[in-house]
Amino acid sequence: MKQLRQAIRSSVSKLRADIELSDSTERALVATGAGGVQVRRMGYVAGVVSLYGLLEQSIDEIILEVAANYNKLHQSFLTMPERVRNEFKSLALNSIIDGPKSRLRADLDEDDIFVALNSRSTSSLRRLVPAVFTRAQANYRHPLICELIARLDVKLDERGLVTAASLAKTGMASVSSLLVDLVDRRNSLTHAYSIQDDILRSQRLLEYLDVLEQYLLSVESVANLRLLDELVATGNAPRIGIMAKKYTDFIGVDLVGANLAIGDALLFQGKTGIFKGGRVTSLMADNVARDSVIAGVNEVVQLGVGMSDGPPRLGEGAAVHSVAQQWVELLPEA
């Protein structure tokens, strides 16, 4: 979900600039002898509220994108993962019952829900209503985020979501404890009339932001991986061969019963399930440069293929899948 990754990075960049501006303003006031306590406190309030806002909005956007992509990947509601269908039914009904109290990220169209839940509706018209998956009754701590993501058949584990070095700078033992601290601070500010004494200085807010960025991008990556599994499983990314050899600047591909041309997008799936992607930049068949190659039914054509990001970091034998333009957004980063 390339655009979503870019949006997260953009939001992080803007928030980082705001925190740094607050810090420089405080330092300037201190240098003139005017003191910067009030600016520091204001920067803390804005920083904590914005950090939590970034967390909640980004998680909701990931959820909405995953649900929307399930709709695109499946022509029928009935072919979607069973857990997704069951969760949708429960969330949709509760959202209708609770009405405005549902706390959804996007507006709800009840007519769409009624069509989706009606077993007599035309199969192609029964679609997920993504907004219901953002239904939450508590603040976004890590266990709740895992629960929200799991509704879409995405398993999230705390291990490996952020680097130990970045986490160590915050003084927190885990990303889960950092999110608990962030939520507690945000709640203290929004539900109290005073600011606690242990406010975080700008540098610590920036360290929290670094961890939060890693966390959000990792959650997006895990969700995107689940969509890639679904992309392959539904036949939307047909297998066209294997990566037979791997060289310094190109790869050897055994193309089987398919077409391949310069500019095509490819998805590589390693034997352990890891995905890599890229675009074809050059083709060589029988030592002759080609713009395109066609392998007939059951025919194997050995090719030298140059890729936009170089040879994928996968072992030989990785499956090669063709990716249509509409799914290029899901290709993983190099």
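Looking at the range 107-119, I want the residues that are farther than 14 Å from residue 133 by Cβ and have a partner that is surrounded by fewer than 17 Cβ atoms within 10 Å (Cβ to Cβ) with Cβ atoms under 7 Å, at least 6 apart or on another chain. Which pairs are those? Between residues of the range 107-119 that are farther than 14 Å from residue 133 by Cβ and residues that are surrounded by fewer than 17 Cβ atoms within 10 Å (Cβ to Cβ), the close pairs are 110/96; 115/121; 115/125; 117/89.
State whether the residues of the range 184-206 include one that is more than 28 Å from residue 129 (Cβ to Cβ), in contact (Cβ under 8 Å) with a residue 12 or more places away in the chain, within 17 Å of the chain's Cα centre (by Cα) and surrounded by 17 or more Cβ atoms within 10 Å (Cβ to Cβ). Within the range 184-206 (the criterion being more than 28 Å from residue 129 (Cβ to Cβ), in contact (Cβ under 8 Å) with a residue 12 or more places away in the chain, within 17 Å of the chain's Cα centre (by Cα) and surrounded by 17 or more Cβ atoms within 10 Å (Cβ to Cβ)), the answer is no, since none of the residues qualifies. Here residue 139 fits the description: assigned to a loop (DSSP other than H, G, I, E, B), polar (S, T, N, Q), assigned by TED's automatic domain parsing to the domain that holds residue 66 and within 20 Å of residue 209 (Cα to Cα). Being under 30 Å from residue 77 (Cα atoms), in the same structural domain as residue 53 (by TED's automatic domain parsing), free of Cβ contacts under 8 Å to residues at least 60 places away in the same chain and in a helix (DSSP H, G or I) holds for only one residue in 166, 218, and it is 218. Here the strands (runs of 3 or more DSSP E) wholly within the range 252-333 that include at least 2 residues being among the basic types (Lys, Arg) and under 30 Å from residue 69 (Cα atoms) are 275-285.
Does residue 194 fit the bill of being modelled with pLDDT under 95 and at negative phi? In short, yes. Of the residues making up the range 243-283, those that are in contact with a Lys or Arg (Cβ under 7 Å, 6 or more places away or on another chain) and free of Cβ contacts under 8 Å to residues at least 24 places away in the same chain are 263, 283. Given the condition surrounded by fewer than 19 Cβ atoms within 10 Å (Cβ to Cβ), farther than 27 Å from residue 207 by Cα and not polar (S, T, N, Q), answer yes or no: does some residue in the range 132-150 qualify? Yes: one or more hits.
Mind checking whether some residue in the range 59-77 is small (Gly, Ala, Ser), surrounded by 15 or more Cβ atoms within 10 Å (Cβ to Cβ) and over 26 Å from residue 8 (Cβ atoms)? Among the residues of the range 59-77, not one is small (Gly, Ala, Ser), surrounded by 15 or more Cβ atoms within 10 Å (Cβ to Cβ) and over 26 Å from residue 8 (Cβ atoms), which makes the answer no. If you go through the range 309-334 and pick out every residue that is exposed (fewer than 14 other Cβ atoms within 10 Å of the Cβ) and of a type in the set (Gly, Ala, Ser), you end up with 4. Determine, yes or no, whether residue 181 is part of a helix (DSSP H, G or I) and surrounded by 13 or more Cβ atoms within 10 Å (Cβ to Cβ). Yes; evaluated as a whole, the condition is true for this residue.
The values are calculated or read from the model by the stated rules, or taken from the named source; none is laboratory data. The model shown is predicted, which means the values in this text are computed figures rather than measured ones. In this analysis, Cβ positions are derived from the backbone assuming ideal geometry, glycine residues included, and neighbour counts consider all displayed protein chains.
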